[in-house]
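The values are calculated or read from the model by the stated rules, or taken from the named source; none is laboratory data. None of the values given here were measured: they were computed from a predicted structure. A quick note on method: Cβ atoms are made from the backbone with ideal geometry, for glycine too, and the neighbour counts reach across all protein chains shown.
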Amino acid sequence: MEEAARAGFDYLELNATRVAGLSEADFAELSKAHADAPLPTPSFNCLFPGDIRLMDESAAETVSAYLNPALDRVALLGGKTVVFGSGAARRRPEDLPYSEAFRRLMAVTALIGDIAAQRGITVAVEPLNRRETNMVNSVAEGAALCAAVGHQAVRLLADYFHVAAENQPHEDIERVGGIAHAHIATAETRRVPVEAEPGFTVMFRAMKRTGYAGNISIEGGTDDLLRDGSIAVPLLKRLWDEA
C-alpha cells in the first residue's frame, strides 16, 4: 500500500477471495491497518474461489453462504465494486449444453446482484479469455449476460489483456453502450505497462465516447511496484488525456 501510494496510484484493488478467507482475528488486524492506509480500496477482484462451482444446480445455497459474509467484509473495507471474473468457478462442464449453462449463469449472476445491492455494491462482469474459462469470453457476450439478467447492480467490465487475447475490437465497448469498470495490463505479458501500446489509445477512445468516468485498475505483474508504477501511472493518465 505504501509503495502504491508513493508510485502515484489513486487507489488499490484488493482480492475478495483472500479477504473472505481470513480468520476473524486476521480480518480485524487487516481492518485496523486499512483504517490507517494511505489509499482507499473501492474495488475488489477475484470474487469467488475456484472450488465453488457456479454451474451446479444447487449453486444458489453455496453462493449465498459464501457471498454474504464476504461482501460484508468488502463493504467494511470501502468496496463499491466487485469484479466477477472467477473463471474456474463459472466454467461450464463439457456435458452441460451451453444454453442451460447460460441460464444457470443468469440465475446466479442475478443472485450475486441481489446480495451486492443490499450493500450498495456494483458487480462488474468480467469477460475472460478462453484459456481461463469457457463462459463469457468477449465484451459482447458479457453485455448480453448483463442485459439478460437486467439487474441494476450488475454491470460490465472490459479488461484490455483479455480483449487482446481474444482479438476483440476495442470499439465493442462503445457498441454495447459502455462499461462500469476497467482493467489494463500489457497485451503479451500481462505486466504493468511501462510503454504505450496502440491498443491503449483505441480502448480509451471507445471508453471516452461512452462518457466513462469510472476507475481503471492495472491488473498485471511487476517485480518492482514502485519503479514500474511510477512509470505506468503518468503514462496511462497521459494517454487517457490524449485519447
Original post:
Which residues, counting only those in segment 85-138, are farther than 21 Å from Asp72 by Cα, outside any helix (DSSP H, G or I) and among the aliphatic types (A, V, I, L, M)?
Top reply: Ala88, Leu96, Leu128, Met135, Val136
**OP:** Might you let me know whether segment 97-105 holds any residue that is in contact with a Ser or Thr (Cβ under 7 Å, 6 or more places away or on another chain) and under 21 Å from Leu71 (Cβ atoms)?
**Re:** no
Original post:
Identify, please: which residue in segment 140-163 is among the β-branched types (Val, Ile, Thr) and more than 13 Å from the chain's Cα centre (by Cα) and is, among those, farthest from Glu100 (Cα to Cα)?
Top reply: Val163
**OP:** Scan the helices (runs of 4 or more DSSP H) fully inside segment 150-228 and keep the ones with 1 or more residues being of a type outside the set (S, T, N, Q) and touching a strand residue (DSSP E or B) at 6+ places or on another chain (Cβ under 6 Å).
**Re:** 160-165, 172-175
**OP:** Please list, ordered by first then second residue, the pairs with beta carbon atoms under 8 Å, 6 or more apart or interchain, first in segment 52-63 and closer than 13 Å to Arg103 by Cβ and at pLDDT 95 or above, second crowded, with 19+ Cβ neighbours inside 10 Å and small (Gly, Ala, Ser).
**Re:** Leu54/Ser86; Leu54/Ala89
Original post:
How many residues does segment 61-79 hold that are buried (at least 18 other Cβ atoms within 10 Å of the Cβ) and part of a loop (DSSP other than H, G, I, E, B)?
Top reply: 2
Original post:
From the list Glu94, Glu126, which one is farther than 18 Å from Arg155 by Cβ and charged (D, E, K, R)?
Top reply: Glu94
Original post:
Thr189 passes all but one of (1) touching a Pro at 6+ places or on another chain (Cβ under 9 Å); (2) under 30 Å from Leu226 (Cβ atoms); (3) not aliphatic (A, V, I, L, M); which number fails?
Top reply: (1)
**OP:** Report, ordered by the first and then the second residue, all pairs with beta carbons closer than 7 Å, sequence separation of six or more or different chains, a first member in segment 145-167 that is within 14 Å of Ile112 (Cβ to Cβ), and a second member that is buried (at least 20 other Cβ atoms within 10 Å of the Cβ) and charged (D, E, K, R).
**Re:** Cys146/Arg155; Leu157/Glu126
**OP:** Answer with yes or no whether Leu145 is part of a strand (DSSP E or B) and farther than 19 Å from Asp241 by Cα.
**Re:** no
